[in-house]
Amino acid sequence: MSEKNNNVPAIRFAGFTDAWERRKLGDVVKDVSGNDGRTDLPILTISASLGWLEQKERFSQVIAGNQLQNYTLLRKGELSYNHGNSKLAKYGVVIELKDLNEALVPKVYHSIKCSKYANPTFLEYLFWSKIPDGELGKLISSSARMDGLLNISKQAFLGINITIPSVIEQTQIGNFFKQLDDTIANHQRELEKYKNLKTSYLEKMFPKENEAFPELRFPNFTDAWERRKLGDIAERITRKNGDLSVTLPLTISAQEGLIAQTEFFDKQVASKNISNYYVIENGEFAYNKSYSNGYPFGAIKRLDNYNNGVLSVLYIIFKPKDIYSQFLVSYFDSNYWHGEVASIAVEGARNHGLLNISSNDFFDIKLNIPKSLEEQTQIGNFFKQLDDTIANHQRELEKYQKIKLAYLEKMFV
């Protein structure tokens, strides 16, 4: 690829030098509408984040109802414009049908097919670049309708101006982004695979309630696990930041663990005076009693990514003793401690969304723990290896997502 700084993209494949051409969308695509009466084809909807989905997958049922005869028959290589406003796509999305030969799509979508002057994959990524948003924005005469669709007619949509190169260059650009998306999808699948694998092992490698043996176990370990109070294997930490020696306010994310407020919220939400905050050191744990979706009893995480930080006194901080720390990380990633917390939570939650759990009661909860430090170590290290694999795939996924965004900004006019 070579870099350019005139009236062509900033980054371009070698061998292409001609300026891109300004054309009306309707000059390079044709209208697609109607159907041939078949009703046994896949019935699709467009998600701004996931692309084409079957209606029964998106909505748990087919919502076409009696309107199916009005749906549009879309063929492979044709595109639809869902002119619904969403957080991810302010002016809607244009998606090519790639994975099916034929499907039925809502008539309300503006469906099109490319003439010999346009490549459908290129057009999809052109719209993902957001460059046509300026043209689409001019068409909106009022706010979105009650059904969430922007007031953009098909005639107006076909009348917008786009800037495009030759079909040969369009094809190379489209194929390039399709390859990037395939790479992103592969990392997404690997990430989900290992996340599901971890969930499965968490369910099987700790004893269920009122049981003393896990379903799945490393060889040579046969002893029953024992129930021990958290207060017997952990020491509460209440050191204050009176001298203001620690300046990094932290928060607990159920997904990301203990993380700097400035990174998680893009700003500091802690009080300006953090002298009364608790100081947490690397390797210590904190319990956020605030419940969230999927985390009905809050989250317990270890500080791994910083030397120290400060936390609101609403958190409960502790450090392990007489137990392998990495085992505790895994244990608190499971939900086997939820029942104990539920038994001590006072009925109802306070206005700020925190469970009513006192520190004394929290340290009275009982955990199921292997008697052998060696078994604790093997379990903890096993899940640490899984977590590292998940983190690697997460990083790779984010890397390619950023690469895609960067190229979308530089490879279109």
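The values are calculated or read from the model by the stated rules, or taken from the named source; none is laboratory data. All of these numbers come straight from a predicted model, not from anything done at the bench. Methodologically, a virtual Cβ is constructed for each residue, glycine included, from the backbone with ideal geometry; neighbour enumeration extends over all protein chains shown. Side chains are part of the model used for accessible areas, which takes the heavy atoms of the whole protein and leaves out ligands, DNA and RNA. Shrake-Rupley method; radii C 1.70, N 1.55, O 1.52, S 1.80 Å.
Can you give the accessible area of residue 205, probe radius 1.4 Å, in Å² rounded to 10?
10
State the antiparallel share, in %, of DSSP beta bridges confined to the chain, rounding to the nearest 5.
Taking every DSSP beta bridge within the chain, about 95 percent pair in antiparallel fashion.
Taking 7 Å along the Cα-to-C-beta vector as the label spot, tell me the residue 87-residue 10 distance in nanometres, rounded to one decimal.
2.7
Among the listed pairs 56/193; 272/301; 98/384; 208/321; 204/267; 178/384, which have their C-alpha atoms separated by more than 28 angstrom in this model?
From the list (56/193; 272/301; 98/384; 208/321; 204/267; 178/384), the Cα-Cα distance tops 28 Å for 98/384; 204/267; 178/384.
Rounded to whole Å, give me the distance from the Cα center of the range 83-144 to that of the range 152-171.
Computed from Cα coordinates, the inter-centre distance equals 10 Å.
Which of the peptides 240-252, 326-338 is most tightly packed, and how do the rest follow, judged by the mean count of other Cβ atoms within 10 Å per residue?
326-338, 240-252
Could you give each residue of the range 38-53 its phi-based ³J(HN,Hα) in whole Hz, using Karplus coefficients 6.51, -1.76, 1.60 with θ = phi - 60°, and x for Gly or Pro?
Each residue of the range 38-53 in turn: 5, 10, 9, 8, x, 10, 10, 9, 9, 10, 4, 8, 10, x, 6, 9 Hz.
Does the range 241-327 classify as rounded, prolate or oblate by the C-alpha gyration tensor (a ≥ b ≥ c root eigenvalues; a/c under 1.5 gives rounded; else a/b over b/c gives prolate, otherwise oblate)?
oblate
Rank-order 79-85, 269-275 by packing density, defined as the average count of other C-beta atoms within 10 Å over each peptide's residues, highest first.
The peptides rank, most packed first, as 79-85, 269-275.
Given the Cα-Cα distance of residue 155 and residue 256 and 0.36 nm per residue of separation, how much length would full extension add, in nm?
My answer for the length gained is 31.7 nm.
What residues from the range 370-404 fall in the zone where the backbone N is under 15 Å from a label point 7 Å along the Cα-to-C-beta line of residue 186?
Answer for this model: 393-394, 396-401.
Could you pull out every residue, at least 5 positions away or on a different chain, whose amide H is within less than 5 Å of the one on residue 83? Hs are placed 1.01 Å off N in the peptide plane, and Pro or chain starts have none.
Amide H neighbours of residue 83, under 5 Å, 5+ apart: 110.
Across the range 199-207, in residue order, what do the Karplus-derived ³J(HN,Hα) couplings come to in whole Hz, using 6.51 cos²θ - 1.76 cosθ + 1.60 with θ = phi - 60° and x for Gly and Pro?
Result, rounded to whole Hz: 4, 5, 5, 4, 6, 10, 9, 10, x.
For the range 367-412, which trypsin sites (Lys or Arg not before Pro) are in a loop by DSSP, counting at most 14 other Cβ atoms within 10 Å?
Within the range 367-412, the qualifying trypsin sites (Lys or Arg not before Pro) (loop, at most 14 other Cβ atoms within 10 Å) are 371.
What is the range 319-396 by shape, rounded, prolate or oblate, if you read a ≥ b ≥ c off the alpha carbon gyration tensor as root eigenvalues and call it rounded for a/c under 1.5, prolate for a/b larger than b/c, and oblate otherwise?
It comes out oblate by the Cα gyration axes.
Shape call for the range 115-259 from the C-alpha gyration tensor, a ≥ b ≥ c root eigenvalues: rounded (a/c under 1.5), prolate (a/b greater than b/c) or oblate?
prolate
Are there GluC sites (Glu not before Pro) in the range 327-413 that DSSP puts in a loop and that have at most 12 other Cβ atoms within 10 Å, and which ones?
Qualifying residues, ordered by number: none.
Which one, 13, 33, 73, projects farthest toward the positive side of the charge dipole computed for the chain from Cβ point charges (K/R +1, D/E -1)?
Value computed over the given set: 33.
Distance in nm between label sites at residue 21 and residue 100, each 7 Å beyond Cα in the beta-carbon direction?
3.4
I need the peptides 98-108, 280-290, 216-226, 311-321 ranked by packing, meaning the mean over residues of other C-beta atoms within 10 angstrom, with the highest value on top.
280-290, 311-321, 98-108, 216-226
For the range 63-197, report the % of Cα-Cα distances exceeding 20 Å.
Result for the distance tail: 54 percent.
Can you compute the charge dipole magnitude of the range 126-269 about its Cα centre, using +1 on each Lys and Arg Cβ and -1 on each Asp and Glu Cβ, nothing else charged? Give it in debye, rounded to the nearest 20.
240
Show that you can apply the helix-only estimate: for the chain, add -39,500 (n - 2.57) for every DSSP H stretch of four or more residues, divide by all residues, and state [θ] at 222 nm to the nearest 500.
-10000 deg cm²/dmol
Could you tell me which label, among (i) 25, 54, 20, 1; (ii) 27, 58, 15, 0; (iii) 21, 39, 32, 8, carries the value of P(r) over Cα pairs in 20 Å bins from 0, in percent calculated for this structure?
Looking at P(r) over Cα pairs in 20 Å bins from 0, in percent for this model, the match is (iii).
May I ask for the distance between the Cα centers of the range 386-401 and the range 21-82, given as a whole number of Å?
Distance between centres, Cα-based: 33 Å.
For labels at residue 196 and residue 223 in the simple 7 Å Cα→Cβ model, what's the distance in nm?
Placing both labels 7 Å along Cα→Cβ, they lie 3.7 nm apart.
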